[in-house]
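The values are calculated or read from the model by the stated rules, or taken from the named source; none is laboratory data. These numbers come from a predicted model, not from an experiment. Don't worry about glycine lacking a Cβ; one is built from the backbone with ideal geometry, like all the others, and counts go over all protein chains shown.
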Amino acid sequence: MIHIHYDFSLVIGSIVVALVTCFFAVSIEQMLFRGNRPKYEKLILVASGIILGLSIWCMHFVGMTASHIPTEYHFDVGLTFTSYIIAFIASTFAVWLTTRPTLPFARLVLGAVLMGLGISGMHYTGMMGMVLKSHSVSYDPVMTICSVLIAISGAGLTFWMSFKNRNITRHNFWIKAAIALMLTMTIAGMHYTGMAGMTFHAVDESQMAHGNISNDLLFAIIFVSCLILVAAFSVAVLEQRLEHRNRQLSKANKELANLAVQDNLTKLPNRMFLTEYAHFLFADHRYNQDKIAFLYIDLDRFKAVNDVFGHHVGDQLLIQLANRIHGLLDDYSKLLRIGGDEFLMVLEKATVEKASDIAEHILDLIQDSFLIAGKAINISGSIGIAMYPEHGNNVQDLMINADAAMLTSKHQGRNTYSVFNFTEDQHESKSQTKLINDLYKAVEEQQFVLYYQPKFTTSDRQICGVEALIRWRHPVMGLLAPNMFIRGAEKTGLIIQMGYWALEQACKQIQIWEREGDGPFPIAVNLSAVQFEHKHLFKILEDLFDKYKIHPHHLMIEITESTAMHHIESSVRNLERLRDMGIQLAIDDFGTGHSSFLYLKNLPVDELKIDKEFIEDLTSGSKEEMILESIIHLAINLGLKVTAEGVETQLQADILTRLGCQQLQGYLLGRPMDIEQLESQIFVS
């Protein structure tokens, strides 16, 4: 068994040759990134492969001349040429790989493996082409595997360094030198590790020479360097993997950020986007003084589409509508979805005339039938227009005013557009907006108080019950009547919490009067339509009765005629359940809705309260008197107690008494008052 000895000068020479050729190959390869000659990209790619392959091939054969082979040898031309072809193919692939726009982890590893196998294949194919006289060659499997791993690791590290630094212009020479040095270390490491794994065997035993490796230091240096190379590649792989995950995380974060300002259904920008977008528009306006139009688009009776055809059809309608309107957009306009069936179009550099023309086009698009799931669906829209800065200097005011203009369109019969204008209604709308905002805090802090308006018998004018009326002690505006805030409470849903608060306060007062042994029972509490249909109503009433231990018949619940008629069958069930609990029931504002005595006879109620509109113009012999006479007589025949609201004159009281009305309520006999005033009046009487 004979080992190889080396000539140090030729070893260094082989490394220098490889370094120089690698540097030139890297220089040519970087031309692909600079875009200097895009027409010759393929030619440059092939030229880089030729030179890089030549550096690998030259390194191998110069290194062979540095080896003291123990016998004469020559190279087979075919295998030698084949070894260069392998080096050329591997090199061309390496250059192509590092010129791609991206280098994902999988491609990096695959490229390292293929390039490493190419370098190793060139080396061992070249060794196969070495023809020896009277000697044979064997390879140490461990060293052979190590040489292949060194080639793979070094190639991967070179790819990573080349890709990471391909666009850096500062210190470009040193970067190319570092990449060339890394590739040279890879080629040299693979070559000398592979050579270290070779042993020569004399065919004739008499010619066998025995010797030890005299170049242990060189081998140790190369082997340690190769281990460092493998470790560096492992670190590079980990860094590449981490970078890949960071890119994925960055992409995911970007997608989440986009989702935050994008409507999931229509993929249009949403309200969150509007804030930043408007800030940009208003800032730009300071320089060019252009007007901006805000078109608030609302679909008419869209809820009916969902109810009749299903929400999936409604969703498809919104998507189709968004696509239709999107065709009207240009570089100076944008469409957003700001609510369920509400859209907003923002027009830059707009005039009122241009905004009006666009609004008409949008209405035409909405009116065209929508074909969804084989059904032709027809719908209309209402549009409100507000102009910046004429109608507002911020997004909030512009949106409120555009919404007010849209509501004006609905009041005008729908399927039209309106331009906002400053009227008393708009000022009142702003005041209502402020009150609604304050109402949330009022509910939280319970800034309410109950006032009580008594009812009197017509026979002896004695108090026969009271109606609890809610008042709001506003911290700035003072005591507010229900007409100032009830509508806002119903819009926001706060009416439910306010209603339950009023019920509990009434139950507390009933408990106090029951303990004292007397009181103006019953206490009547008004329920809104929302609360009358609320699913927790009966449970809360049962809890209140259990908590305060009161007689249920001392409590009366009043609902309006329109509430009772809203869903007549469910109203009857709810009223019967309330009556089974022992609660007295009354129909309030009778005569203002669309009910009839045919329905009234089916309602399990105890009292009928005639609306004050019938009382205001009541005189002897008037039409109001004839109507009231019919209502009172029919109600009494149905077993109902009749109360007249809004009695303000003695003439009204006398006529109602003569017609048979049993109870009167109004300013003539008693105004709404707090509990102290009420009790003082009761005690005085």
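Return yes or no: is residue 610 without any contact (Cβ under 8 Å) to a residue 40 or more places away in the chain and within 24 Å of residue 468 (Cβ to Cβ)?
Numbers: without any contact (Cβ under 8 Å) to a residue 40 or more places away in the chain: no; within 24 Å of residue 468 (Cβ to Cβ): yes.
Judged against the criteria, residue 610 is not a match.
Considering 550, 557, the condition of being in a loop (DSSP other than H, G, I, E, B) and aliphatic (A, V, I, L, M) is satisfied by 550 alone.
Could you tell me whether residue 535 is loosely packed, with under 14 Cβ neighbours inside 10 Å, touching a residue at least 12 places away in the same chain (Cβ under 8 Å) and over 27 Å from residue 645 (Cα atoms)? The answer is no for residue 535. A single member of 468, 502 is under 24 Å from residue 437 (Cβ atoms) and among the aliphatic types (A, V, I, L, M), and it is 502.
Of all residues in the range 650-673, those that are out of contact with any His (no Cβ under 9 Å at 6 or more places or on another chain) and either within 15 Å of residue 624 (Cα to Cα) or aromatic (Phe, Trp, Tyr) (or both) total 10.
Look at (1) crowded, with 18+ Cβ neighbours inside 10 Å; (2) modelled with pLDDT of 90 or more; (3) not in a helix (DSSP H, G or I) and you find that residue 366 fails only one, number (3).
The residue that is farthest from residue 605 (Cα to Cα), among those in the range 541-572 that are in contact with a strand residue (DSSP E or B) (Cβ under 9 Å, 6 or more places away or on another chain) and among the β-branched types (Val, Ile, Thr), is 563.
Within the range 393-445, count every residue that is touching a helix residue (DSSP H, G or I) at 6+ places or on another chain (Cβ under 6 Å), modelled with pLDDT of 85 or more, surrounded by fewer than 20 Cβ atoms within 10 Å (Cβ to Cβ) and in a helix (DSSP H, G or I). Qualifying residue count for the region: 2. Of 450, 527, 494, all but one fail to be under 21 Å from residue 677 (Cβ atoms), under 50 Å from the mean Cα position of the chain (by Cα) and not β-branched (Val, Ile, Thr); the exception is 450.
Being under 17 Å from residue 262 (Cα atoms), free of Cβ contacts under 8 Å to residues at least 60 places away in the same chain and in contact with a strand residue (DSSP E or B) (Cβ under 7 Å, 6 or more places away or on another chain) is a condition met by no residue of the range 306-315. Annotation: of all residues in the range 119-144 being exposed (fewer than 14 other Cβ atoms within 10 Å of the Cβ) and within 60 Å of the chain's Cα centre (by Cα), the one that is modelled with the highest pLDDT is 141. Residue-level analysis places residue 514 outside the set of residues that are in a helix (DSSP H, G or I), among the acidic types (Asp, Glu) and modelled with pLDDT of 95 or more. Residues in the range 347-362 that are buried (at least 17 other Cβ atoms within 10 Å of the Cβ) and more than 20 Å from residue 421 (Cβ to Cβ): 348, 362. List pairs: first residue in the range 329-344 and among the small types (Gly, Ala, Ser), second residue surrounded by 20 or more Cβ atoms within 10 Å (Cβ to Cβ) and part of a strand (DSSP E or B) anywhere in the structure, Cβ distance under 7 angstrom, at least six positions apart or on different chains. What qualifies is 333/345; 333/346; 333/347.
For beta carbons closer than 8 Å, sequence separation of 6+ or different chains, a first residue in the range 348-369 that is outside the structural domain of residue 317 (by TED's automatic domain parsing) and a second that is of a type in the set (S, T, N, Q) and modelled with pLDDT of 95 or more, there are no qualifying pairs.
Yes/no per residue for (1) surrounded by 15 or more Cβ atoms within 10 Å (Cβ to Cβ); (2) of a type in the set (Lys, Arg):
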{"residue": "603", "(1), (2)": "yes, no"}
{"residue": "613", "(1), (2)": "no, no"}
{"residue": "646", "(1), (2)": "yes, no"}
{"residue": "653", "(1), (2)": "yes, no"}
{"residue": "658", "(1), (2)": "no, yes"}
{"residue": "665", "(1), (2)": "yes, no"}
{"residue": "682", "(1), (2)": "yes, no"}
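Within the range 573-593, residues that are without any contact (Cβ under 8 Å) to a residue 12 or more places away in the chain reach no partner that is polar (S, T, N, Q) and surrounded by 17 or more Cβ atoms within 10 Å (Cβ to Cβ) with beta carbons closer than 9 Å at six or more positions or on different chains. Of the residues screened, residue 638 is one that is surrounded by fewer than 16 Cβ atoms within 10 Å (Cβ to Cβ) and either closer than 23 Å to residue 558 by Cβ or in the same structural domain as residue 448 (by TED's automatic domain parsing) (or both).
Residue 568 falls short on exactly one of the conditions (1) more than 43 Å from the chain's Cα centre (by Cα); (2) closer than 24 Å to residue 642 by Cβ; (3) among the β-branched types (Val, Ile, Thr), and that condition is (1). For residue 498, the conditions (1) without any contact (Cβ under 8 Å) to a residue 40 or more places away in the chain; (2) assigned to a helix (DSSP H, G or I); (3) more than 20 Å from residue 546 (Cβ to Cβ) all hold with the exception of (1).
The test for being assigned to a helix (DSSP H, G or I) and either among the aromatic types (Phe, Trp, Tyr) or closer than 26 Å to residue 396 by Cβ (or both) holds for residue 325. There is no residue in the range 380-392 that is out of contact with any Leu (no Cβ under 7 Å at 6 or more places or on another chain), at pLDDT 90 or above, assigned to a helix (DSSP H, G or I) and not polar (S, T, N, Q). Every test in (1) closer than 30 Å to residue 523 by Cβ; (2) not assigned by TED's automatic domain parsing to the domain that holds residue 661 is passed by residue 462 save one, and that test is (2). The one condition from (1) at pLDDT below 85; (2) crowded, with 20+ Cβ neighbours inside 10 Å that residue 589 does not meet is (2). Restricting the range 336-346 to residues that are out of contact with any Leu (no Cβ under 6 Å at 6 or more places or on another chain) and assigned to a strand (DSSP E or B) leaves a set whose member that is surrounded by the most Cβ atoms within 10 Å (Cβ to Cβ) is 343.
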